[in-house]
1. Place a +1 charge on the Cβ of each Lys and Arg in the stretch 16-146 and a -1 charge on the Cβ of each Asp and Glu, then give the dipole magnitude about the Cα centre in debye, rounded to the nearest 20.
2. In Å, what Kirkwood hydrodynamic radius results for the stretch 83-190 from the alpha-carbon pair distances?
3. For helix 151-163, report the angle its Cα long axis makes with the longest principal axis of the Cα atoms of the chain; keep it between 0 and 90° and round to the nearest 10°.
4. Identify, among Trp109, Gly98, Leu136, the residue whose Cα sits farthest towards the positive end of the charge dipole of the stretch 90-149, taking +1 on the Cβ of Lys and Arg and -1 on the Cβ of Asp and Glu, with the dipole about the Cα centre.
5. If each residue of separation counts as 0.36 nm, what is the full-extension length gain between Arg142 and Phe101 once their alpha-carbon separation is subtracted?
6. First obtain the Kirkwood hydrodynamic radius of the chain from its Cα pairs, then insert it into the Stokes-Einstein equation at 10 °C and 1.306 mPa s, and state the resulting D in µm² per second as a whole number.
7. At q = 0.10 Å⁻¹, what log₁₀ I(q)/I(0) does the stretch 135-264 have when each alpha carbon counts as one equal point scatterer in the Debye sum?
8. Just to verify a number: FRET efficiency for Glu83 and Asn208, C-beta to C-beta distance, R0 = 51 Å, to 0.05?
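Quick note: the coordinates plus some simple rules give every number you see, no bench work behind them. No experiment lies behind these values; they were computed from the predicted model shown. Every residue, glycine among them, receives a Cβ derived from its backbone with ideal geometry; neighbour counts consider all protein chains shown.
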Amino acid sequence: MSAAGDKMSAASDNVPAAGDHASVLRVAIDRKVYGAGLPEPVEAVRGLAFTVGQGEIVCLIGPSGAGKSTTLRILLGLDAAYEGRVEPDPRGTETAPGMVFQEPRLLPWRTVEQNVRLALPRARRGRDLDALFGHLGLEPWRGRYPGALSLGMQRRVALARALADEPRLLVLDEPFVSLDDAAAAALRGLVVDTVDRLGMSVLMVTHNVAEAIAIADRLLLLSPRPASLVAEIRLDRPRSERDRAWAEATRRDLAARHPGVIAD
């Protein structure tokens, strides 16, 4: 029996309330259509509403093509052609969310430290980053170039770059994909430790249910396209007590209840 609490969620015309935590992100995407006006438009998202609370790790899970990437583009202000609302507005003056993509996207001709500092506004590029590099285990690599680093270490650099400007929200797009088990576990641990130390929030998109169960406070399950929220799953067991047997039991329980979202 899993310790997951399952609550059905329906979209409304308003941005959803924050729930148990003060929210750092409030999303209500009423509709997103590609090719509007064409003979066969594609509706990617319909009635998707959720929040991310202060200090929470929230994972967005859905089948391939469900609209996860479309949702991320909207949240990051890269796609304004949708009906609905995102708060805070990603195109506003507040500190933008920190973003870690599937690929590290590091400049190979820049050192590790230069890659991280380039993410800062010009006026802040001289700030002290010693604590950040130390926390992520990057101090010995500051003067090295990305080509000298393993994929796992490159992902740490990408994480440092996302954290450099101290965002309130960190957005992760499949951040552990293609890593071996040890490197993925180490990076997951750093993400959790960073949330605990800095009190920031995380929204992670993943197809890997096991890794989501390992670190999330809540899971948001998306339907096949057009994306809408099928269920919100609260994981109440402390992360330190989530052993492999409990995680597998939870995954199987979710797969049985939501077969269109999670494969058994």
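1. Computed about the Cα centre, the dipole is about 500 debye.
2. With all distinct Cα pairs of the stretch 83-190 included, I get 14.6 Å.
3. 80
4. Projecting each Cα onto the dipole axis, the largest value belongs to Trp109.
5. Value of the extension gain: 12.7 nm.
6. 83
7. Debye intensities relative to I(0), on a log10 scale: -0.37.
8. Computed FRET efficiency for Glu83 and Asn208: 0.95.
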